[in-house]
Structure formats: structure tokens, C-alpha cells
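Comments concern the structure below.
Read-outs throughout are calculated quantities, based only on the coordinates presented, and are distinct from any laboratory measurement. The structure displayed is predicted, hence computed values, not measured ones. Cβ sites come from the backbone with ideal geometry, for glycine too, and all protein chains shown count toward neighbours.
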Amino acid sequence: MKIAIIMGSDSDYPVVEKGIKILKDFGVEVEIRVISAHRTPFKAMDFAKNAEKNNFELIISAAGKAAHLPGILAGVSILPVIGLPIKSSTLDGMDSLLSIVQMPKGVPVATVAINGGENAALLAIEMLSIKYPELRERLKAYREMMSKNVEEKDRKIVKLSTEDGGTK
């Protein structure tokens, strides 16, 4: 299980980092690169052209502003690409989201929420779990843990609200 995470800029790393942790916790091998669609377009195309040959099974591509990187990678590679829009300083990430999600017919890019690094990782794991059943079992355990965390928070809130007569 090997995926690539390609960022358009190293400033995207804080968003991507959360997803990297999840992927590693699930035992997925991750290679992280900074490749710009606009400043190093031939490198982006070369990476995408050789991704399958280099044993990648999926690509997560984080990009902000014009956010063409996921589309370029998807246009060149046959591998699934998950676009991760990064919140930019000008339009709060809406520019990134729309650039990634509005792909032309025939060149899809799965797209997660703006700054949704965790969901990009989890979607990648879900996709890989089709081939790797052990990931499916880990996903079930992960979801169960999330459920238990919510139930515990609910118990705490209910207890708080009944202790003070419901004013909190």
C-alpha cells in the first residue's frame, strides 16, 4: 500500500500533516513531495506519468489558489486522485475548491473539504480497503472509536446539564 501526497507548496504541509498521521497509523506507506503545477509543470507531468510504474496506488494532491495540480496529475495518470483544496489568503479556499471540483468530463478528481487533510487520508484508506481487507477492518475499528468518543462527550454534557439544572 503506497500513496503519494503531492503539495503545490510547502506551506500546505500543516494541512497535509494531519492526514499523513492517519495514513501512517493505518500502515499505509506515504511519499510526500512538493511539485508545483505552475512553477514545475513538467516535473508534475513526469511524476504523474510514472506514478503507477513507481508502485503508487493513489495520489492525494493538495493545492491552493488556482489549484490546478490535482487536475494535471489526474489528466496524466490513470490512478485515482483525491484533491485537497487549501484555504488561501484571498478567497478563503473557495478558489481552490472550485478549481479542483470543476474537472471536465472524463478526468475526475475526488475532492474533499477545504483544509480537509484528515478526510483526504480517510477517503484514500477507504479506496485502498477495496483491495486490502485489513484496512477495512481498521476502518471499522476507527469508526467505532469515533462513535465511543462522541458517546462519552454526550455523557459528560448530559451530566453537566443535569447537575446545574440545565443552565449550561
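Values as computed for the structure displayed
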{"read-out": "Residues (outside any helix (DSSP H, G or I) and touching a Leu at 6+ places or on another chain (Cβ under 6 Å)) located in region 121-143", "value": "129"}
{"read-out": "Hits in region 54-96 - residues which are of a type outside the set (A, V, I, L, M) and closer than 22 Å to residue 126 by Cα", "value": "54, 55, 56, 57, 61, 70, 71, 77, 80, 83, 85"}
{"read-out": "Selection from region 89-106 of residues that are more than 16 Å from residue 73 (Cβ to Cβ) and polar (S, T, N, Q)", "value": "89, 90"}
{"read-out": "Qualifying residue in region 23-45 (condition: touching a residue at least 60 places away in the same chain (Cβ under 8 Å) and within 20 Å of residue 115 (Cβ to Cβ))", "value": "yes"}
{"read-out": "Tally, over region 114-168, of residues that are surrounded by 15 or more Cβ atoms within 10 Å (Cβ to Cβ), closer than 17 Å to residue 3 by Cβ and β-branched (Val, Ile, Thr)", "value": "1"}
{"read-out": "Verdict on residue 46 being touching a helix residue (DSSP H, G or I) at 6+ places or on another chain (Cβ under 9 Å) and acidic (Asp, Glu)", "value": "yes"}
{"read-out": "Residue 85 over 23 Å from residue 130 (Cα atoms), surrounded by 24 or more Cβ atoms within 10 Å (Cβ to Cβ), free of Cβ contacts under 8 Å to residues at least 60 places away in the same chain and of a type outside the set (Lys, Arg)", "value": "yes"}
{"read-out": "Qualifying positions in region 28-66 - in contact with a Leu (Cβ under 8 Å, 6 or more places away or on another chain) and over 19 Å from residue 97 (Cα atoms)", "value": "28, 30, 44, 47, 48, 51, 52, 56, 57, 58"}
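To keep it simple, each residue is scored yes or no on (1) within 25 Å of residue 17 (Cβ to Cβ); (2) among the β-branched types (Val, Ile, Thr); (3) in contact with a helix residue (DSSP H, G or I) (Cβ under 8 Å, 6 or more places away or on another chain).
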{"site": "125", "(1), (2), (3)": "yes, yes, yes"}
{"site": "128", "(1), (2), (3)": "yes, no, yes"}
{"site": "135", "(1), (2), (3)": "yes, no, yes"}
{"site": "150", "(1), (2), (3)": "yes, yes, no"}
{"site": "156", "(1), (2), (3)": "no, no, no"}
